[in-house]
1. Give, rounded to the nearest 20 debye, the magnitude of the charge dipole that the chain has about its Cα centre when Lys and Arg contribute +1 at Cβ and Asp and Glu contribute -1 at Cβ.
2. From the gyration tensor of the Cα coordinates in the chain, what semi-axes in whole Å does the equivalent ellipsoid have, largest first, with each one equal to sqrt(5λ)?
3. Relative contact order for the chain: what is it in percent, counting Cα pairs under 8 Å that are at least 6 residues apart?
4. Just rank 60, 41, fewest to most, by other beta-carbon atoms within 10 angstrom.
Amino acid sequence: MEIYLIETRLCMIMEVEESFSFEGKAQADLSNEKVQEWETLMGRYQARLPFAQPNQKWVLMNKIFEL
């Protein structure tokens, strides 16, 4: 997993298996104290996108290139 800070945007690139689900990840993240600490810390630097839902920090993006 790679995370980049671009101004007030954080980008996370995840390589996952076929069995991955965002719902399962969300449940696991909510019960993980370290993930919650990280989300709180990163929340200081991350501005929500104008089109994001009120409690939504992460939104899907389209990959436009790969080096």
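No value in this document is a laboratory result; all are computed from the given coordinates. Keep in mind it's a predicted model, so treat the numbers as computed, not measured. Every residue, glycine among them, receives a Cβ derived from its backbone with ideal geometry; neighbour counts consider all protein chains shown.
1. Roughly 380 debye for the chain.
2. Those come to 19, 18, 13 Å.
3. 24
4. So the ranking, lowest neighbour count to highest, is 60, 41.
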